[in-house]
Amino acid sequence: MTHGIIMSPAIVLLLLLPLVSAQTFHLGPCPNPKVQPNFDVNRYLGKWYEIERLPAVFESGKCIEANYALRTDGTIRVLNSQTVDGVRSTGEGTAAIQDLEDQAKLGVSFSYLTPYSPYWVLTTDYTGYVVVYGCTDILRLFRFEFAWILSRSRFPPNATVESAKQLLRTEHIDISGMTPTDQTNCKDYCIIMSPAIVLLLLLPLVSAQTFHLGPCPNPKVQPNFDVNQYLGKWYEIERLPASFESGKCIEANYALRTDGTIQVLNIQTVDGVRVPAEGTGTIMDSKEPAKLGVSFSYWTPYSPYWVLTTDYTGYVVVYSCTDILRLFRIEFAWILSRSRFPPNATVESAKQLLRTEHIDISGMTPTDQTGCEDF
């Protein structure tokens, strides 16, 4: 039975990595700051305005607000909003307490495909202000930090903001890059929340990927790439690790839109449930059209999706890499096929091309395509 256009969810992760390099970066593992004792989530619910923050690359807007509401299952509904160039953008996620002994240590997720990311309430008086902190370290070698000062008012007293910043300094958190959020000439919108929180969900994924020291390589891509021949359905055969790609029966379908971009639909089966997502692909380099980018959100930039080789009718090798300060790189690679079960020789040929380009595929794993329906 056919249910339409679909695509590998591994591609979703490609949109995340360009964000990392614009955040607050320090050597060493994450600190373990004290959090709010006896945190009362019920008192924390409701609307908060973002006052100051450490840099987050997609948080370029103004009038950023946050609203939390308790769901019947005990999780917290998270709605966020910011205004960018006069347009209001919103998103919905879920927060949950991650540590029953320290209930101010919450996690936030904005997708079934991604795990919870740290959202720690360091201090709050519930009626005036809150200090939120998030940190992810990579192999304990370095860390990415985020911090927000929120308030029940768009314009809290300067003394309140300074008190919040002093607490962060006391916990040895570098706030030299903290910037104020523009709350001037804002309307009051219904249930909304700071989009900065969305970024917290991204970073835990990085530590589970293929990590190497040094900058990204520059492998050759498919010459004279023909996007029209590339369109249609592909099955994922093997991949380098991607932490949210835990399912089976992963498929990919690309369709050309009237504006020249590529509609990207992905789906995988997790515990018997089909999980879809839609994004956009586009050619990033007209001289090398095989260097595409993929984005699954208006909030995020395009991420590398390079077609190294394809015969259009049998197989394709896709590669992506992001380096951080040229100190290390995080790599992804996929072998896709028009068939769920391509010949072993085809798969080996694809892997040999990756080896030739000095891409480490020792961690490559096969995707389970058994017992799958055609959706």
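Couple of notes before you dig in:
- Subset of the range 164-184 (residues that are within 26 Å of the chain's Cα centre (by Cα) and under 19 Å from V35 (Cβ atoms)): L168, I173, D174, I175
- Residue in the range 70-81 that is crowded, with 17+ Cβ neighbours inside 10 Å and touching a Gly at 6+ places or on another chain (Cβ under 6 Å) present: yes
- Here G247 fulfils each of the conditions (1) open to solvent by 40 Å² or more (accessible area, probe 1.4 Å); (2) under 29 Å from S362 (Cβ atoms) apart from (1).
- Every condition in (1) among the aliphatic types (A, V, I, L, M); (2) under 29 Å from S246 (Cα atoms); (3) crowded, with 17+ Cβ neighbours inside 10 Å holds for V121 except the one numbered (2).
- 2 or more residues modelled with pLDDT of 95 or more, more than 17 Å from the chain's Cα centre (by Cα) and of a type in the set (D, E): qualifying strands (runs of 3 or more DSSP E) within the range 222-321: 232-239
- Hits in the range 163-187 (condition: open to solvent by less than 80 Å² (accessible area, probe 1.4 Å) and more than 14 Å from P55 (Cβ to Cβ)): S163, A164, K165, L167, L168, E171, D182, Q183, T184, C186
- Qualifying residue in the range 358-370 (condition: of a type in the set (D, E), more than 20 Å from Y235 (Cα to Cα) and in contact with a Phe, Trp or Tyr (Cβ under 9 Å, 6 or more places away or on another chain)): no
- The lone criterion from (1) farther than 19 Å from Q36 by Cα; (2) open to solvent by 20 Å² or more (accessible area, probe 1.4 Å); (3) in contact with an Asp or Glu (Cβ under 9 Å, 6 or more places away or on another chain) left unmet by S89 is number (3).
- Restricting attention to the range 348-359, the residues that are at pLDDT 95 or above and surrounded by fewer than 14 Cβ atoms within 10 Å (Cβ to Cβ) add up to 4.
- Qualifying residue in the range 58-65 (condition: part of a strand (DSSP E or B), hydrophobic (A, V, I, L, M, F, W, C) and closer than 24 Å to K187 by Cβ): yes
- In the range 92-106, of all residues being closer than 29 Å to V270 by Cβ, touching a residue at least 40 places away in the same chain (Cβ under 8 Å) and not hydrophobic (A, V, I, L, M, F, W, C), the one that is surrounded by the most Cβ atoms within 10 Å (Cβ to Cβ) corresponds to G93.
The values are calculated or read from the model by the stated rules, or taken from the named source; none is laboratory data. This structure is a prediction, so every number in the text was calculated from the model and none was measured. All Cβ positions, glycine included, derive from the backbone under ideal geometry; neighbour counts span all protein chains shown. Each accessible area value is taken on the protein alone, full model and side chains, heavy atoms only, with ligands, DNA and RNA left out. Shrake-Rupley method; radii C 1.70, N 1.55, O 1.52, S 1.80 Å.
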